[in-house]
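Just below is one structure, and these are the notes that go with it.
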Amino acid sequence: MRLWICLILAICLSGCQYITTVYNGVSRVTVILLDDRSFSDDMTDTRINIELRDRLVRRDAKYGLDIEVTVFEGAVLLTGALPDPALIDEVCETAWNVPDVYKVYNYIRLAPPPGLDVVNQDAALSAKIRMELTFTRGISSSNYKLVMENGVVYVMGIFQTSEELARAVSVIKNTPGVDDVVILGRFKADEKAHHRYRESSKLPVE
């Protein structure tokens, strides 16, 4: 019952378009989403996100602080830091067991959780990137999520063209303090192939 109440509230509050920074303990994810997915896909991703977070916290409360979960079209991105490889494996296994998850991107670092100085630095960089992307021509109609963790920006979503993606990556890479950019999205033209692939695949953890 608690899971469905959270799901309903999240859907009602999110809407189809938003720009926000979410703080989860000492971890943080910056999301920029101009969403042209169907309502059904958006609702499924929201439900996966809430259910996975709930399962992780039930396993161990520290997962709620140390691990960030981002979901797009059934693909789950895991970021954060844990001190033991066995704990990372446990988080990935939990993600695979959530219904409708078809792919897991494992980018959890084998390290202690970040300190507040790192968190504050990433938050400042996130704000700067948001501003630059908002005022850069040719990328405002894109559909993507950005996750920033420990100086690395992960880009998920749907890109209209390769030129649009190149502009966005250039803006991100040229932001002082960004160490790396990881692309996890797809192009709009590949939509039909993507959905066929998604329906027939359960891909290994990356």
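Quick one: with all protein chains in place, what share of the accessible area of the stretch 37-96 is carbon or sulfur, to the nearest percent (1.4 Å probe)?
Its accessible area is 55 percent carbon and sulfur atoms.
Volume per residue, Å³, of the convex hull around the alpha-carbon atoms of the stretch 49-90?
68
Output wanted: per-residue J couplings in Hz (rounded whole) for the stretch 62-78, from phi through Karplus 6.51 cos²θ - 1.76 cosθ + 1.60, θ = phi - 60°, x for Gly and Pro.
Values, residue by residue: 5, 5, x, 9, 9, 10, 10, 10, 10, 10, 9, 6, x, 8, 10, 9, 10 Hz.
Residues of the stretch 104-161: accessible area per residue at 1.4 Å, in Å²? Intermediate results must be reported in sequence, preceding the final value.
Values: 2570 Å² over 58 residues.
Accessible surface, normalised per residue, equals 44 Å².
Once you sort the root eigenvalues of the Cα gyration tensor of the stretch 42-195 as a ≥ b ≥ c, which label holds: rounded (a/c under 1.5), prolate (a/b larger than b/c) or oblate (the other case)?
Oblate.
For Val182, what residues show an amide H to amide H distance below 5 Å, using hydrogens built from the backbone and excluding near sequence neighbours?
Those lying under 5 Å, H to H, from Val182 are Val153, Tyr154, Val155.
Out of the total accessible area of the stretch 112-175 (probe 1.4 Å, heavy atoms of protein only), what percent is carbon and sulfur?
On the way: 1620 of 2950 Å².
So the carbon and sulfur contribution to the accessible surface is 55 percent.
If only Cα atoms are counted, what is the Rg of the stretch 54-125, and what is its Dmax, in Å?
Cα-based Rg and Dmax for the stretch 54-125 come out at 12.6, 36 Å.
Only four residue types carry charge here, +1 at the Cβ of Lys and Arg and -1 at the Cβ of Asp and Glu. Report the dipole size of the stretch 61-109 about the Cα centre in Debye, rounded to the nearest 20.
Values: 3 positive and 8 negative charges, 22 e Å.
Approximately 100 debye in magnitude.
In nanometres, what is the gap between the two model label sites at Asn120 and Thr136, each 7 Å from Cα along Cα-to-Cβ?
Result for the modelled spin labels: 2.7 nm.
The values are calculated or read from the model by the stated rules, or taken from the named source; none is laboratory data. Please read these numbers as outputs of a predicted model, since none were measured by experiment. Counting neighbours? That spans all protein chains shown, and the Cβs are built from the backbone with ideal geometry, glycine included. The accessibility values were calculated without ligands, DNA or RNA, using every heavy atom of the protein model including side chains. Shrake-Rupley method; radii C 1.70, N 1.55, O 1.52, S 1.80 Å.
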